[in-house]
1. Take the Cα atoms of segment 131-174, find their three principal axes, and give me the spread along each one in whole Å, biggest first.
2. Taking all protein chains in place and a 1.4 Å probe, what share, in percent, of the accessible surface of the chain do carbon and sulfur account for?
3. Given the -39500 (n - 2.57) contribution per DSSP H run of 4+ residues, what per-residue ellipticity at 222 nm results for the chain, rounded to the nearest 500 deg cm²/dmol?
4. If I take the Cα coordinates of segment 35-94 and project them onto the principal axes, what are the three extents in Å, biggest first?
5. With the other protein chains left in place, how much accessible area per residue, in square angstrom, belongs to the chain at a 1.4 angstrom probe?
6. Only loop residues by DSSP count here, and only those with at most 12 other Cβ atoms within 10 Å; note down the trypsin sites (Lys or Arg not before Pro) in segment 92-145 that meet that.
7. Looking at segment 1-152, I'd like the Rg to Rh ratio, where Rg is from alpha-carbon atoms and Rh is Kirkwood's inverse mean 1/r.
8. Leaving ligands, DNA and RNA out of it, work out the accessible area of Arg175 with a 1.4 Å probe and give it in Å² to the nearest 10.
Amino acid sequence: MSVLALLKATRALHAASPEMADFGAWPTDLTWADVPPVRCPAVELLSKLPAGLPLLPELIAAAPLLEWRRTYTADEVGQDFLDRYGYVELFGPRGAFHSTQLRGYIAFWDAGLDYGWHNHRAEEIYFALHGTPLFLSKTQPEARLKPGQTRHHTPWEEHGMQTLETPFFCYALWRGDGLDALPRLTQ
Ligand code: ZN
């Protein structure tokens, strides 16, 4: 099953990053949740990324089997944004693999997208696999993230992200209270 190959590749990446491994131990309660697939136009854009990126070959192979999500509506973020981003919850309360211990996402935003101010109760860490997005926050300095670097958000921290010149491809984790909730735009 190719989703299992994606999970294994993600586990290896997780173990290889001290920041991600420190943020949350790899879940011990994973069970296949048999979530029906949902298509997403941004999947077509994954082939524009450099082929050797971590998780990318496994993600492309598994893409038709995954429930691709977009949290927002066109009224909130515009149709162009919706057409050029998407993410999967690989494991978590509503993930392809169920877990109540930790929530893991693989996400993609194309170049030139502005993800406005938003927040969520759960604590979060991003691990950049490709791109140099600008991360904004109301409570910590902004930063351009480089591949291999992480960005942490505390519970309810208002944050935003601009992809600028390059697509942004990442692995992200949530932990703590609010694990099964969604982010919401704050402006
Ligand atoms: Zn966030």
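1. 27, 19, 12
2. Values: 4640 of 8490 Å².
Using a 1.4 Å probe with all protein chains present, the chain comes out at 55 percent carbon and sulfur.
3. Working: 5 runs with 37 residues, N = 187.
Value at 222 nm, helices only, nearest 500: -5000 deg cm²/dmol.
4. Projected onto the principal axes, the Cα atoms of segment 35-94 cover 35, 29, 16 Å.
5. Values: 8490 Å² over 187 residues.
In whole numbers, the chain has 45 Å² accessible per residue.
6. Details: sites: Arg94, Arg103, Arg121, Lys138, Arg144; in loops: Arg94, Arg121, Lys138.
Sparse-neighbourhood loop trypsin sites (Lys or Arg not before Pro): Lys138.
7. Numbers: Rg = 15.1 Å, Rh = 16.3 Å.
With Rh from the inverse mean 1/r over Cα pairs, Rg/Rh is 0.93.
8. 80 Å²
The values are calculated or read from the model by the stated rules, or taken from the named source; none is laboratory data. Source: prediction; values computed, not measured. All Cβ positions, glycine included, derive from the backbone under ideal geometry; neighbour counts span all protein chains shown. Keep in mind that these areas ignore ligands, DNA and RNA; they rest on the heavy atoms of the full protein, side chains included. Shrake-Rupley method; radii C 1.70, N 1.55, O 1.52, S 1.80 Å.
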